[in-house]
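Colleague: Mind having a look at this structure? Questions to follow.
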Amino acid sequence: MARKVLVAVATIAALLISGLVVWPRIESLCLESGAATDVAVSDGSVSIEGRTYLVTSYVSADYGAYLFPGGFLRGHSVAVGVYIRGADDAVLTEISPRCIRVSHAGDSIQRRAQVGMYKGSRTDGSPYAELTSGIRDLPEWKPGGAAQVWLRLTVKGRPYVIDVGETTISTVV
């Protein structure tokens with residue numbers, strides 16, 4: 001009887017631990033597929049569905065000194081982000097960022113975008129809204145190089161892929 005309980009507890013513990021390792025990987029997968037309309041950013045803006053959006057991106061390499069507990073050196077993770085703002089200060093409710101793809105020196109990585117909304121105001125007091133979407137924990141890429149960024153999103157339920165363009169990898173210390 002004690003042996004059955006021990007085996008059951010060990011099995012449940014193994015499932016829980018493997019779930020903690022596997023679930024974040026599954027959650028980060030970009031399962032969006034199918035045909036999408038390609039659009040490119042021109043002079044920092046893109047027109048989709050009759051609206052103009054201002055789009056900017058960043059790629060940053062974190063070169064701070066980090067150590068895991070136990071003294072294992074942690075790599076210098078790279079993060080990619082894309083900001084979208086309505087040129088006519090729309091509330092951006094029709095946009096839903098899905099995935100970000102980034103390419104650098106032969107590496108091409110696509111992951112589900114983590115999305116947030118920021119509402120702010122200009123110096124004149126007029127409000128604006130900005131969507132931020134990003135991915136992180138990419139390979140160690142050296143600052144100064146260039147990375148190509150694409151954003152897959154839906155606007156009013158229709159899929160689009162925005163070629164955000166090339167961005168220089170900056171350093172965050």
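Colleague: Got a number for the accessible area of K119? Probe 1.4 Å, square angstrom, nearest 10.
Modeller: Spelled out: K119, probe radius 1.4 Å, area about 150 Å².
Colleague: Can you list the lysines whose alpha carbon sits under 21 Å from that of K156, skipping same-chain ones fewer than 8 residues off?
Modeller: K119
Colleague: Per-residue counts of other Cβ atoms within 10 Å, averaged by peptide: what ranking do you get for 43-51, 130-138, 100-108, highest first? Let's see the in-between values first.
Modeller: On the way: 43-51: 13.0, 130-138: 18.4, 100-108: 16.0.
Packing proxy ranking, top to bottom: 130-138, 100-108, 43-51.
Colleague: Now for a separate question. So who's got an amide H within less than 5 Å of the one on I169, skipping anything under 5 residues away but keeping other chains? H placed 1.01 Å off N, in plane.
Modeller: Sorted by chain and number, the residues that satisfy this are G144, G145, A146, A147.
Colleague: Also, I was wondering about something else. Rolling a 1.4 angstrom probe over the protein chains, ignoring ligands and nucleic acids, what is the accessible area of M117 in square angstrom, nearest 10?
Modeller: In the full protein context, M117 sits at about 90 Å².
Colleague: Heavy-atom accessible area of L6 with all protein chains present, probe 1.4 Å, nearest 10 Å²?
Modeller: That residue has around 120 Å² of solvent-accessible surface.
The values are calculated or read from the model by the stated rules, or taken from the named source; none is laboratory data. What you are looking at is a predicted structure, and each value in this text was computed from that prediction instead of being measured. Glycine gets a Cβ as well: all are built from the backbone with ideal geometry, and neighbour counts include every protein chain shown. Side chains included, ligands, DNA and RNA excluded: accessible areas come from the protein's heavy atoms. Shrake-Rupley method; radii C 1.70, N 1.55, O 1.52, S 1.80 Å.
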